[in-house]
Amino acid sequence: MTADQSLDAGLPIRLLHDRVLVRTEGGEGERRSTAGIVIPATAALGKRLAWATAVGVGPNVRAIVAGDRVLFDPDDRSEVELHGRAYVLLRERDVHAVAAERVETAAAGSTGLYL
């Protein structure tokens, strides 16, 4: 468990229904391409999805557990601040994909997921 995860474990919040609380990864500043080219934050990009880590899930969430990495549209988000740290509140249906080891092992004998 990292220091960030231990901070997230004691959040004073109980999520309801199909809500997912996520912590975004990195900032919205400049990025570096796979070739090593620095892309400034002011560069216009097409619609780009963002990765985040789920830190809390509501009782009706079926496909996501705390600790999963999720892919979502950053334009459709509600931000909340807890203990001085910014989080994003999503509905389960707003999550486009889940990347977790448990997903890979469960789908090993199947044909895969279609997104």
Is it the case that the stretch 35-48 has a residue that's open to solvent by less than 80 Å² (accessible area, probe 1.4 Å), modelled with pLDDT of 60 or more and not in a loop (DSSP other than H, G, I, E, B)? yes
Residue pairs qualifying under the 8 Å Cβ cut-off, at least six apart or on distinct chains, with the first in the stretch 73-87 being of a type in the set (Ser, Thr, Tyr) and the second being modelled with pLDDT of 80 or more and open to solvent by 70 Å² or more (accessible area, probe 1.4 Å), are Tyr87/Glu79; Tyr87/Glu81
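The values are calculated or read from the model by the stated rules, or taken from the named source; none is laboratory data. The model shown is predicted, which means the values in this text are computed figures rather than measured ones. Here the Cβ is made from the backbone with ideal geometry for all residues, glycine too, and neighbour counts use every protein chain on show. Side chains included, ligands, DNA and RNA excluded: accessible areas come from the protein's heavy atoms. Shrake-Rupley method; radii C 1.70, N 1.55, O 1.52, S 1.80 Å.
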